[in-house]
Every structure is written in C-alpha cells, then in structure tokens.
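**Student:** Please find one structure pasted underneath; my questions will follow.
Where a number appears in this text, it was derived from the coordinates with a stated rule and is not lab data. Treat the numbers as computed from the prediction; the structure is a model and nothing was measured. Virtual Cβ from ideal backbone geometry, glycine too; neighbours counted across all protein chains shown.
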Amino acid sequence: MSDLLQVTDLEVEFRQSGEGIVSAVRGVSFRIRPGETVALVGESGSGKSVVAQSIMGILPRNGRIAGGEIRLNDPVTGTIVISKLDRDDRRMRALRGNRMAMVFQEPMTSLSPVHRIGDQIGEAYRLRHRASRTEVQERTEETLRLVGFPNPRQALRSYPFELSGGLRQRAVIAMGLICRPSLLIADEPTTALDVTIQAQILKLLFDLQQQFGMAILMITHDLGVVANLAREVLVMYQGRIVESGPRDDLFANPCHPYLKALLHAVPRFREDNRQRLVPIREIASEGGQLLSRAITPWPADGDRAGPLLSVAGVSKSYHGQRGGWFAGPASAGMPAVDDISFTIRRGECLGLVGESGCGKTTLAKILMRAITPDQGRVLFNNRGHQIDVLGLDGHALMQWRQRQQIIFQDPFGSLDPRMTVFDIIVEPLVIHRVGSAEERQALVEDLMALVGLERQHVHRHPHSFSGGQRQRIGIARALALRPDLVLCDEPVSALDVSIQAQILNLLKDLQSRLGLTYLFISHNLAVVDYLADRVMVMCQGRIVEIAPRKSLFCNPVHPYTQTLLLAVPNPDPRFPLDFTQLGPCRTSDPGAWPAPFTIPPAADPASRPRLIDLGNDHWVRATKELTSCARA
Amino acid sequence: MISYLVRRILIMIPTLLVISVIIFTIIQLPPGDYLSTMVAELQARGESIDQGRLHFLRETYGLDQSPVERYGHWIAGLAHGDFGWSFEYGMPVRDVVGDRLLLTVIVSGATVLFIWLVSFPIAIYSATHPYSWGDYTLTLIGFLGLATPSFLFALVLLYLANVLFGLPIGGLMAPAYQDAPWSWGKVLSILSHLWLPVIVIGSSGTAGMIRRLRANLMDELNKQYVVTARAKGLSPTRLLIKYPLRLALNPFIADIGAILPQIISGAAVVSIVLSLPTEGPMLLDALRSQDMYLAGSFLMFMAVLTVVGVFLSDIALALLDPRIRLGGGVRR
C-alpha cells in the first residue's frame, strides 16, 4: 500500500526578532499510511505542532519550510507536493479543510464566538461544493449527528458559548470531518477536556476512523492517549524524531533516553507499589533548615482536640446574574457546593477529584475564607485549640491565615509580573509582619533552595522562568509562613508531564520534611493516586465518595467514581480503555445514577442520599437502602 | 428583547434628569449671572444702567428666583419643547439655534462617515502588513494627523483651498444662502463647502481610529479561531472579512455613543476658525456671557445625543454579538 503522507527531511525555521533565525524542526522524516493512526509525542516546544502546521500550510507568518518535502498522495487529488506550495495558493486552499483537516487543542477559542455553529461547520463544505443552502445544512446536520450531538438540528443555530467544552470539541471535530478528509490532524484534541469527556472523544475518533478509513496524525504529550489510539508512534525531542516504531514495541522496549524518561515520569494509575517518579531533569531540593526551625512544634496531646480540619455541612449557592434596576427578581440559586462534610487529619494528603465545574475550586475558596458559604461549619485544630474558621474576623483571622496557605493552578496568572521573585516570596512575611529584614532575606534564600531554585535568581522577574519554575515560586510563597495545611488547587495541571513529575516529587518531599498536610485538588486521577492517602470524589457540588486511596481505586462503590476510573487512559497498551463500558454522556448527572445513588433534582432534603459509612473509612453518598443491600 | 428595549428607554429618563441637574448646577457655579456680567461690562465702558430697569429685567428673566425654582421652570419648559430665553440675543433659544442644530448634525454625521471610510481600509492594510513600509508610512501620517492642532490644519487648508482652487474662505455655504430658506441650491452649496471642515475635524479622529483598529485587528488575527478558519481553506480576503474584522469592530460600535459629542465639542475651535454656523462657537459664547438658557439647551442637546448614541450602539452590539444578546447569566 502506498503512503498517504510522506514527510522527508523536513526543516522549519522561525525568524524571531532579536534572536535571528531559530530552527524548530530539524530533518524530520516519517510517513502515514491510509487509514492509520500515527501519534506524534513530545513535550511542549519539541516542534510537534510545527510539523502539523507545516503539513496544513498554516505556519505562522514568521515561519518557513527551509528544506525537505511534504508529499500527499491522495486518491482523489493525486500526488501533491505540499511543501512547494504557497500557504495561500489555490491548490493548497483546495486541500485544507477538504482532503486534510485539523482539530485543535482549545475548543474554547478555536471557534469564532459570534458565528453560528452550523455556519462555521458548513463553511468548508460550501466552499467546495456548489450546494444549495439546504444541502449544506443537511450535510452539516448529518456530520453533527455523526460526532454525537444529541440534537443536531438545534445545534446548527446555536453559538459556541452555548455549548459545553465537550460539545464544542465535537463541533470542532465535525468541522474537520464535513468534507470527509483522508487525513485528520488532531493537535492535542483532548488535553483541555475532563477524563470522561476525553474518553468519549477518543472513542469518537476511533469510531469515525473505522467508518471513513481516514488516517489520523495525533499530536499529544499524553502517553495514555497514545497507548489507546495509535498504531505507530513518533517521539520528538528538540525538533528531531528520536524514536519511532509500532506502538507495542516502543512501550515495551523504549530505547532513547527521552522516551524512557517520559515513560518513567508519568504517574501510573492503579500501580500497587508507588514508585517514585523519575523526572527527565531532576531538581535538587536542599536547605529548609530555617523553615523547619521556625515551625512551632505540636504539643503531645494536640491531636486529641480533633482532626486538623473538619468541614461539616458546607453549602454555597450562586444566584443568577441580575440585569440592572428594572430587571426581574434574581433567578433561583444554583448550588455550587452542597452539603460538603469531610475531615483532614494532620500529616495526611487528602485528594479531591472531580471534573471541571464540579465545585472543587469553590470549596478551596471557602476553606481559604475567600468566599463565605451560605451554611456549614469549618473547624481548624491549631495545636489543640479548635478554631471556628468561618466565625473569625479581624486580628484572629489574620493570625489563622498563617496556618493555611494555597498553591494556585495557573503558574502564569498567579505571580505578579511586576514583582521580583524576592518580592513575591517575601510578601506573606511582610503582610504578617514576620521577622526583621535580615531574617526575611535569609528565609527567602532558604525557601529558594528548598524548592530547587538558584539563590542568585532572586531578583529576576517571573517572566524569565519556565512554567515549572514559576510553580515552584508559588510553592515557596505558600510555605513562607510555615503553614500547617496547604491547599493545592490543580498545581500541576498546566505543566508538561516531565515538569509535572518534578513538582509532584517536590510536594511529596516537602510534605515529609516539613510535616505538612495537603488538600490536593486535581482532575487527574493518576496524579491524585500518586500523592494522596485518602481520596474524595466530587460531582455537581457534592461529595459522592470518600475512601482511602487503595480501596477507592480498587473497589469503587459509587457509579460516578467507577465511570471516572474507567475513563482514565492507561499509558500501557496492554490495558486499553474499554470503550464499550463507557456509557453515554450522562454520567455526571446525579438524576441518572442507578437506584440507591440517584439524586433527583427536586428531592426534599430529608430523603436525599447522604454519606453512608461502609466501614474501613469508606464513605459513599447513597440512600439507606445501600447498607441493607450490603448487609444482605 | 422588547422588554429590554422598553427598560433601556425608561432608564434614559432618570439619566437625562440627573444630567440636567448637573448641567444646571455647573452653569450656576460661576459667581453672578448674565445681568451682573452685563452691568460690569457697561461700567467698564463708563456707562451706567438704571437700577429700576435692572430690577425689572431681573424679575422678567426670573433671575431673582432661587436656583431650584429656576431649574424647575427650565426643565418644565424643556419638556414642552420650550428651551427658554436667550439674554444675549433677546429672543427665544429655539429661534437663536434655528438651523444650527441641523447643520451641526450634518457636519458631525459627515465627519463620522469620513472617519470610518478613510480609517478602515488604511487600518486593515496596516494590520495585515504589519511593520512593512506601507504600514510605517501610514503610521507616520496618522501620527501627524494626531499631533497637528486642528485649527492650524484648518488655517493651512483654508489658505491652500483659496489659493489653489479659488474657494471662498470659511462658512458652510455661499453668503447668498446665509439666511435664505432651504433650497436645492443651498444644499449644493453646503455640500461643496462641507469637505474642508469635515477633513479638518475628522483628521485626528481618523488617525486615532486607525491606530485602535489596527491594534484590535492585529490582536484578533493571532487568535485561534482565525487559524481554524484558515485550516478550512478559506481565501485570505474572505477569512479576514468574515472573522477577525467582524470581531475587531465591536469596540467601534460601542464607541458610537461617545464619538458624537466628542466630535461636536472638539470641533468648536475649528468651527470658530472656519466661521461655521454650527453649535460649537455659539456654545462657547453663551458660556462666556453666562447666557444660561442658551448654554443649557446646547449642553442638554449634547447629553441627549450621547445617551441616545449609547443606546443605539448597545442595540447594534446586541444585534451583532450573540454573546451579549444571549449570554446573560450563562456560565461556562
């Protein structure tokens, strides 16, 4: 069989102001056979997206193909040498969106916000075929049904912002498929999505490929996705393909150190021995003596007063937006978090898992006293003294804030770009008037060493650091006040796999060295599995299951937890995702869960399912019937 | 949508009332009133005025009443279309203003049109060919337009127009039509005079608009959805018009409300230099001589223009941008 796409010695350069010419892709060669899935793996900056852009002829203006050849042997159009064509050439435009299409990473931004879905999807078809308006509409509707839109006719007339993230990504895929291309390039198509939706999209791509026999070039850094979908794997590192071959060979016998390292850097899910992750570049964490000296020790009977943090019955509703003076009354409240109760014991790491929009961050903000809940109680055990956190104000609140700090998700947005690293790390100390100038100076240097940053970089600004380094600055800032409890709100979700491993290891080390307690929030189950002692699963503002890590991952009781676990792609081809087990997209609807777990939307509070103790620290939200079932 | 429109129109009433209070207060703020200014002027010339007559005038003009009473009179009159009495001209404000309002609207409207017609092609060229020679040249001209005082520009253009084309200096129509009733000839005469003030008044606005549209468009051009559209195989021109340009327009539609009063007040100096029979010069005079009802009416007129302009631009935005029309209360 002849190859559909042949890339030979491709070289791509970028002209950058101030830096001259930077070469991004250096001599890449590969081929894709018709109907085959090839995965292109590499960390960010390795040049994998540039390869895709070169094939599609959509390189940024400052980039150009400096050498090599891209050849498309399409049965419809014949052989075309893409690399010879200008990006706006008529022949090139006839290929783009027609014989080869691309699906982008960000479903939020890759659709125009002011044009209807139907218009944007049908456009590529309208360009090629002299079709009437109704024909285009029918074709679009058919494609939308194909990608699993529940109501395609209605979707034609809706706008992107009216759709959820998963549906938007389906719309983007539909846009690529409308002309039934022979090659689909998917650039991190699931990175921005939740696991359950990711699994659905992967299944969709798989099914569509079976149906149309199109080839897929899948660009990703998620080895779990690769293991599930690809047949051939190309590994890119610094603009070169360092390893390539059939998937099973590559996963079984990785040769290049980069691939080996990549495989070791991924937290493995449901692995019994928690092997320490091996980041590609290890960071050295030292110092910390000053910090550990400054921690007030706990009295022997300090833990008798209760767990470090106990939360009981916390709820918070948001009210719909009101539209000015003459608007009608505010719409009924949507519960963001509902009836949240849990405890965090001193020295443990409690994982909190849930999909986006389930209320994880709202809960973190309530615990930080940034949002006041409508009801509920939060108690903090400060060395034997129980503090009512929600009742604190004034000086007592300031005092308590030193005990609990937070690490944020976005390493770019959470650091003020106008402050130096020193200013950022020292700020909590200044706010709480801790120490003299010399002591602060010494402590900041100690903290820098602790998180593995160079002491002499203390006067640089955040922009001169990478994402992982910035996240370490955020960690240093959170630790400056020697807190007892640290809330980690998705601290690694914005980072590359290899960097993620660094940060996870760092957090683990810091916990044991400084005796910290974590509430670790993440949507990534494998990451939670790596760090947490106990895990709490949240859905639609409610906690549905709390259990020790092992029993939750090996013996999940709640149907939502089960779906969540099934949907995680394992970076090992021997354990593929079971697409047949993944139901339709209603898994996160509490009204659709089976009997003892159902939460009907308008149930009266008394008969609603509550957290029920299954023994061994395992709690699940269900009605009383469950326990009787279990006993019987 | 209907209820929204009604709500917006209703909310304009309290807004305008508040504005009228502010306008009235500000006009009242300088010490004295029209009569005391007049007396001071007469005394400076060595003349004197009969106290009895002064008292009579004060009473007839209502200047002996408290400011609150006077405001009440004024606002009640406005509601009936009675704009009050101009002291300076000795006749009703409505007659003093006369054609000036219409001419102001004509000049301003033509200026807005000029700004849009000239700045759009230039801005689009600049944004799609950034850092090219064309872009730099146009940018330079734009900065010159921004930096040149418009009255100076007006004088230069007047001189050139007179010397090169033999056009009459100043005014908005040939002297023969000055007080003549409206006729076809008068309209033609206005049109032939209009281009000069429009260019002068519009030059800085055009330059500003080019800069902002270029920046907006360049932002939009780098967005992901543009790449998506390019990946569909759209031709560059179609792509540009359908996606980024459409989104880059939003700020300008939002600007319509603010641009009208800005042009009118900004044009005052130019209007004086060019002796245009528009609002600006008259407003300036009225404010100087404390001809309070005349000044107040002009300011109210501008306030109405702003409020209505903002209203229109909000509606246009809602029509153009579904996020505004449908997005209220939708959470991601």
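**Student:** I'd like the orientation of helix A:195-212 relative to chain A: the angle between its Cα long axis and the longest Cα principal axis, in ° from 0 to 90, rounded to 10.
**Tutor:** Helix A:195-212 and the main axis of chain A meet at about 10 degrees.
**Student:** On to the next question. Ignoring everything except DSSP H segments at least 4 long, calculate the 222 nm mean residue ellipticity for the protein assembly as shown; use -39,500 (n - 2.57) per segment, divide by total residues, nearest 500.
**Tutor:** Working: 38 runs with 458 residues, N = 964.
Only helices count here, giving -15000 deg cm²/dmol.
**Student:** If you take the beta carbon distance between B:T148 and A:F575 as r and set R0 to 56 Å, what does 1/(1 + (r/R0)^6) give as a FRET efficiency, to the nearest 0.05?
**Tutor:** On the way: r = 73 Å, r/R0 = 1.30.
FRET efficiency, B:T148 to A:F575: 0.15.
**Student:** By average Cβ neighbour count within 10 Å, what is the ranking of B:47-54, A:189-196 from highest down? Before the final figure, lay out each step's value.
**Tutor:** Numbers: B:47-54: 9.9, A:189-196: 22.1.
So the peptides B:47-54, A:189-196, ranked by packing, come out A:189-196, B:47-54.
**Student:** Using only alpha carbon pairs under 8 Å that are at least six residues apart, calculate the relative contact order of region B:100-320 and give it in whole percent.
**Tutor:** Working: 213 pairs, mean separation 61.6, N = 221.
The value is 28 percent.
**Student:** Test of understanding: what is the full-extension gain from B:Y125 to B:E41, defined as 0.36 nm times their sequence separation minus their Cα-Cα distance?
**Tutor:** Working: separation 84, 0.36 × 84 = 30.24 nm, distance 5.66 nm.
Between B:Y125 and B:E41, full extension yields 24.6 nm more.
**Student:** Using every Cα-Cα pair within chain B, state what percent have a distance larger than 26 Å. Don't skip to the answer; put the middle values down first.
**Tutor:** On the way: 33542 of 54946 pairs.
Taking all Cα-Cα pairs of chain B, the fraction more than 26 Å apart is 61 percent.
**Student:** Given points 7 Å out from each Cα along the Cα-Cβ axis, report the A:A595 to B:F56 separation in nanometres with one decimal.
**Tutor:** Calculated label separation equals 10.4 nm.
**Student:** Could you pull out every one of the aspartates and glutamates with an alpha carbon less than 14 Å from that of A:K316, ignoring same-chain neighbours closer than 8 positions?
**Tutor:** Cα-Cα hits under 14 Å: A:D338, A:D339, A:D374.
**Student:** Please compute, for peptide B:12-20, the average count of beta-carbon atoms on other protein chains lying within 10 Å of each residue's beta-carbon. Intermediate values should be presented prior to the final figure.
**Tutor:** Details: counts 0, 0, 1, 0, 0, 0, 0, 0, 0.
Mean inter-chain Cβ contacts per residue within 10 Å come to 0.
**Student:** Counting other Cβ atoms within 10 Å, keep those with at most 13, restrict to DSSP loop, and tell me which trypsin sites (Lys or Arg not before Pro) in region A:34-143 are left. Mind showing how you got there, number by number?
**Tutor:** Working: sites: A:K48, A:R61, A:R64, A:R71, A:K84, A:R87, A:R90, A:R91, A:R93, A:R96, A:R99, A:R116, A:R126, A:R128, A:R130, A:R133, A:R139; in loops: A:R61, A:R87, A:R99, A:R116, A:R130.
Passing sites in region A:34-143 are A:R61, A:R130.
**Student:** Taking each residue in A:106-116, count the Cβ atoms of any other chain within 10 Å of its Cβ, then average. What number comes out? Please list the in-between numbers first.
**Tutor:** Working: counts 3, 1, 3, 5, 8, 4, 12, 7, 11, 7, 1.
Neighbouring Cβ atoms belonging to other protein chains average 6 per residue here.
**Student:** What ranking do B:7-16, A:477-486 get when scored by the average of other Cβ atoms within 10 Å per residue, highest first?
**Tutor:** Working: B:7-16: 13.6, A:477-486: 22.2.
Sorting B:7-16, A:477-486 by mean packing, highest first, produces A:477-486, B:7-16.
**Student:** Any chance you could give the angle, 0 to 90 degrees and rounded to 10, that helix B:133-147 forms with the longest Cα principal axis of chain B?
**Tutor:** 10
**Student:** State the answer as a single residue: which of B:S289, B:Q224, B:T128 lies farthest towards the positive end of the charge dipole of chain B, with beta carbon charges of +1 for Lys and Arg and -1 for Asp and Glu, about the Cα centre.
**Tutor:** Looking along the dipole axis, the top candidate is B:Q224.
**Student:** How far, in nm, would the chain grow between A:T8 and A:N151 when pulled straight, counting 0.36 nm per residue and subtracting the alpha carbon separation? Intermediate values should be presented prior to the final figure.
**Tutor:** Values: separation 143, 0.36 × 143 = 51.48 nm, distance 4.37 nm.
Residue separation times 0.36 nm, minus the Cα-Cα distance, leaves 47.1 nm.
**Student:** Here is a follow-up. Enter the angle in degrees (range 0 to 90, nearest 10) between the Cα long axis of helix A:165-177 and the first principal axis of the Cα atoms of chain A, meaning the one along which they spread out most.
**Tutor:** It is inclined by approximately 10 degrees.
**Student:** Once you average over the residues of B:219-230, how many Cβ atoms of partner chains fall within 10 Å of each Cβ?
**Tutor:** Across B:219-230, the average partner-chain Cβ count within 10 Å equals 6.
**Student:** Same structure, new question: What is the spin-label model distance, in nm, from B:L155 to B:L29 if the labels are put 7 Å beyond Cα along the C-beta direction?
**Tutor:** Once both label points are built, they end up 3.1 nm from each other.
**Student:** For the peptides B:132-141, B:294-303, what is the packing order when you average, over each peptide's residues, the other Cβ atoms within 10 Å and list the highest mean first? Mind showing how you got there, number by number?
**Tutor:** Numbers: B:132-141: 13.4, B:294-303: 22.6.
Those peptides, ordered most packed to least, come out B:294-303, B:132-141.
**Student:** Would you work out which of B:F87, B:W74, B:I13 lies farthest towards the positive end of the dipole of region B:1-130? Charges go on Cβ: Lys and Arg +1, Asp and Glu -1.
**Tutor:** Final value for the positive-end residue is B:I13.
**Student:** Next question. Taking R0 as 22 Å, what's the FRET efficiency between A:D617 and A:W298 from their Cβ-Cβ distance, rounded to 0.05? Present the calculation step by step, with values, prior to reporting the outcome.
**Tutor:** Values: r = 23 Å, r/R0 = 1.03.
With a Förster radius of 22 Å, E is 0.45.
**Student:** Along the Cα→Cβ direction, 7 angstrom out, place labels at B:L5 and A:Q211. What is the inter-label distance in nm?
**Tutor:** Placing both labels 7 Å along Cα→Cβ, they lie 4.3 nm apart.
**Student:** Would you list A:E123, A:E286 from fewest to most Cβ contacts within 10 Å? Intermediate values should be presented prior to the final figure.
**Tutor:** On the way: A:E123 21, A:E286 9.
Exposure proxy ranking, most exposed first: A:E286, A:E123.
**Student:** Moving on to the next point. Can you tell which of B:A207, B:A76, B:A268 shows the greatest fluctuation in a Gaussian network model of chain B with Cα springs below 10 Å?
**Tutor:** Fluctuation is largest for B:A76.
**Student:** Do the alpha carbons of any pairs in A:K260/A:K365; A:K365/B:K242; A:K203/A:K550; A:K203/A:K365 sit beyond 31 Å of each other, and which pairs? All intermediate terms of the calculation are to be shown ahead of the outcome.
**Tutor:** Numbers: A:K260/A:K365 39 Å; A:K365/B:K242 41 Å; A:K203/A:K550 28 Å; A:K203/A:K365 35 Å.
Cα-Cα > 31 Å for A:K260/A:K365; A:K365/B:K242; A:K203/A:K365; rest within.
**Student:** If you average the alpha carbon positions of region B:211-230 and of region A:362-409, how far apart do those two centres end up, in angstrom?
**Tutor:** Region B:211-230 and region A:362-409 have Cα centres spaced 44 Å from each other.
**Student:** Calculate the length of the line joining the C-alpha centroid of region A:609-623 to that of region A:226-285, in whole Å.
**Tutor:** First find each Cα centre; the distance between them is then 38 Å.
**Student:** Sticking with this structure for a sec: Using the Cα centre of the protein assembly as shown as origin and beta-carbon charges of +1 (Lys, Arg) and -1 (Asp, Glu), tell me which of A:L479, A:V76, A:V172 is placed farthest towards the positive end of the dipole.
**Tutor:** Of A:L479, A:V76, A:V172, it is A:V76.
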